[in-house]
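Here is the structure we will look at.
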Amino acid sequence: MLSYTIIYNPASGHAKGPTAAEQLKAKLEDRQRQVTMAPTKSADDARNFAYQAQSDIVVAVGGDGTINQVVAGLAPRKQPPTLAILPEGTVNNLAKVLHIPLLLPLAIKNILEAKPQPLDIAQVNDRYMVSTLTLGVLANAALSVTQKEKRHFGPIIYLLKGFKVLAQHQHWILHLNSAHNHWEKDTQFLLVSMTNSVGGFTNAVPDAAVDDGHLHVFIAPKLTWWRSLLAIPYFITGNFQKLPGMTYFATEQLTIEAPKTLQSRVDGDPSTKTPLKLTVIADHIQVLAPPVGK
């Protein structure tokens, strides 16, 4: 008999987590599956529940932040349970990448019927990343977004805040090192993505895949006020890779240093500060999702 641990965050997205979790529980029990419910009160709870779960499948109910914390609990385990996702967040970036349906009945059907697929993650200092890391303007803009604003405006609030911060012309010198290259760049923001999607824009990194073994790194040029205005269409359409002056490369490992301490934002939430060491962890996490191309 398959066993499931359902980890859900009552505050995620539009606070539909408990309802979604209960509906999944009912469907699983209808199929004679063993279910353990694990509601969280803090981010540490999600990580601890995932680390301690004695089930075959651990279900993350919520948004990208909840998924990150669940993965943080699974990653240190020698043979982690399979990850499943019931998307109930605001952006649901990873769910979109994996083609997991956002409608609850179809998302539950995916958990019941899908087969495990490989999912790369990355270690960032002592934390983990499943989707994106930002530094600079993008991170500062996201840090200023409240939970209430996320629920009311959705993903568009990140763009609005981003343009406001961009207009302040903040920029930083970053030193980046990979296995074969070194970059020193005066930039307004840095973005690292594990997938082809950023902020729900699934065409943002066309060459990326969830199991390609690479970090996809973007370093923006320092923009004047006029160039900041010209950059708006690239961000609205998710095509910032085509922004003139953008540096892009893919790597398996990366270190990031800055003369001034900067706080990163990982998978939508505040995370560790510079200096940063990023390393891809491949072939360790499996997730229930439709096969690629389906």
statement: Restricted to the range 186-204 and to residues being within 18 Å of Ile256 (Cβ to Cβ) and at pLDDT below 85, the residue surrounded by the most Cβ atoms within 10 Å (Cβ to Cβ) is Val198
- line: If you go through Ile111, Ile85, Ile100, Ile67, the only one that is more than 28 Å from Leu191 (Cα to Cα) and in contact with a Leu (Cβ under 9 Å, 6 or more places away or on another chain) is Ile111
task: Give the residue, chosen from Pro76, Pro118, that is touching a residue at least 60 places away in the same chain (Cβ under 8 Å) and either under 30 Å from Thr255 (Cα atoms) or over 12 Å from the mean Cα position of the chain (by Cα) (or both).
output: Pro118
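Kindly evaluate Thr90 against the criterion of being of a type in the set (Val, Ile, Thr), in contact (Cβ under 8 Å) with a residue 40 or more places away in the chain, crowded, with 16+ Cβ neighbours inside 10 Å and part of a loop (DSSP other than H, G, I, E, B).
So Thr90 fits the description; yes.
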statement: Within the range 261-278, the residues that are of a type outside the set (D, E, K, R) and open to solvent by 40 Å² or more (accessible area, probe 1.4 Å) are Thr261, Gln263, Pro270, Pro275
- request: Considering every residue within the range 18-28, establish whether at least one is in a loop (DSSP other than H, G, I, E, B) and either modelled with pLDDT of 90 or more or open to solvent by less than 70 Å² (accessible area, probe 1.4 Å) (or both).
  value: no
message: Restricting to the range 103-139, and then to whatever is assigned to a strand (DSSP E or B) and more than 21 Å from Ala209 (Cα to Cα), can you tell me which residue is modelled with the lowest pLDDT?
response: Gly136
Hits in the range 36-71 (condition: among the hydrophobic types (A, V, I, L, M, F, W, C), open to solvent by less than 10 Å² (accessible area, probe 1.4 Å) and under 23 Å from Arg265 (Cβ atoms)): Ala46, Ala50, Ala60, Val61, Ile67, Val70, Val71
message: Here are the criteria: (1) assigned to a loop (DSSP other than H, G, I, E, B); (2) more than 24 Å from Ser197 (Cβ to Cβ); (3) in contact with a strand residue (DSSP E or B) (Cβ under 7 Å, 6 or more places away or on another chain). Tell me which single one Ile100 does not satisfy.
response: (2)
- request: Give the residue that is nearest to Leu276 (Cα to Cα), with candidates limited to residues of the range 168-179 that are at pLDDT below 85 and outside any strand (DSSP E or B).
  value: His171
statement: Ala220 meets each of (1) open to solvent by 60 Å² or more (accessible area, probe 1.4 Å); (2) modelled with pLDDT under 95; (3) in contact with a strand residue (DSSP E or B) (Cβ under 7 Å, 6 or more places away or on another chain); (4) more than 30 Å from Pro80 (Cβ to Cβ) with one exception, condition (1)
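The values are calculated or read from the model by the stated rules, or taken from the named source; none is laboratory data. Values in this document were obtained by computation on a predicted structure and should not be read as measured data. Don't worry about glycine lacking a Cβ; one is built from the backbone with ideal geometry, like all the others, and counts go over all protein chains shown. Protein only, heavy atoms only, side chains kept; ligands, DNA and RNA dropped before computing areas. Shrake-Rupley method; radii C 1.70, N 1.55, O 1.52, S 1.80 Å.
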